[in-house]
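Read the structure below first, then the notes.
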Amino acid sequence: MKAALVLLAGCTLLAQSPVKVEYACPPEDIDGFGLSCSPEDPCPVFLELTSADSAAARILVSGNLHTERTTLYSILLASEDGGKTWTEPLKRIRAASLEQIQFFDTSTGWISGQVIEPLPKDPFMLLTSDGGKTWRQKPLFEESRFGSVAQFWFESKTAGELVIDHASKHEVFQTNTGGESWEVKEVTTEPVRLKGRRDESVWRLRADGKTFHLERRGSPAWEPVAQFAIHVADCK
C-alpha cells in the first residue's frame, strides 16, 4: 500500500499547545457513517491513541478517530524531529483502529489493527521494512470474521506469535515469514500471555481528559515529548 504523507494542523509543539489532528467532516463521511449531526446538535470527533514505539529517530503513535458511537478512521502519526512536528505515513483506514506497535530493529516493525463496525472484526497487521516510512496491510484471514488482535510479539524478524480474541475464545497464531502468513498454534478458553513479550516500554501514553501526553522513560522520571488534543472536530 502506498503511504500517504499528510501534514497536521498545529504541528509545532509549544508549551500548552497540543498537536491537533485534522479532520474536515466531509459530507460523504456524515452520510456513509450514518451520523446525525447539525449546527444545533454537532457530532464531536475524538482522537484515541493506543500505542507508541520508535525506530532510530522516528517516533510512531497509533490509534483512531471516533465519535461517541462510531469508529471513523485509523490514525498513524510519525515524527522525525523528537516530537516537534508530525505527519501521517499511512492513509487512514476507514472504520478501523490501530493498536500495538513493535519494532524488532531500526528497519523491521509491525502494527496490529482491526475494523470496528461496531464489533471488532477482520483483524490485520501492518508491516514495514524501512523503519516505518512505508507500511503494507496484511489481512489475517481471507474471509471476513469477528475478532481482534489482543496481543502479538516477534522474537526475530521472521518468527512471531499473536492472539486473536473473540468472545471467550483465544486463538494463538504463529508465523515464520515475518507476518506475511500465519497458522493456528492453539485454541483455548484460558487467558493467554505470549512468552517474551515485554510489559515495560521506553514510551507511554496517558490521557488527562483533554489531552494525550506522549512521554519517554527517563532517569528517573518520565520525560514529556508531545501532546495531542483529544477533541479534534465538531461535525455539523
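The values are calculated or read from the model by the stated rules, or taken from the named source; none is laboratory data. All of these numbers come straight from a predicted model, not from anything done at the bench. All Cβ positions, even for glycine, are placed from backbone atoms using ideal geometry, and neighbour counts span all protein chains on display.
Listed here are the strands (runs of 3 or more DSSP E) enclosed by region 154-236 that have at least 1 residues being β-branched (Val, Ile, Thr) and either on the phi > 0 side of the Ramachandran plot or exposed (fewer than 14 other Cβ atoms within 10 Å of the Cβ) (or both): 183-188. Residues in region 188-236 that are touching a Lys or Arg at 6+ places or on another chain (Cβ under 9 Å), modelled with pLDDT under 95 and among the small types (Gly, Ala, Ser): Ser201 only.
So that you can scan it fast, the table gives a plain yes or no per residue for (1) under 16 Å from Gln227 (Cα atoms); (2) at pLDDT below 95:
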| site | (1), (2) |
| --- | --- |
| Ala4 | no, yes |
| Leu8 | yes, yes |
| Ser17 | yes, yes |
| Glu22 | yes, no |
| Asp29 | no, no |
| Ser51 | yes, no |
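If you take the residues of region 17-42 that are in a strand (DSSP E or B) and farther than 19 Å from Lys236 by Cβ, which of them is farthest from the chain's Cα centre (by Cα)? Ranking the candidates gives Ser17 first.
Test of understanding: among Ser74, Ser97, which residue is under 17 Å from Val149 (Cα atoms) and touching a Pro at 6+ places or on another chain (Cβ under 9 Å)? Every option except Ser97 fails the conditions.
Within the span defined as region 43-61, every residue fails to be of a type in the set (Lys, Arg), in a loop (DSSP other than H, G, I, E, B) and touching a residue at least 24 places away in the same chain (Cβ under 8 Å).
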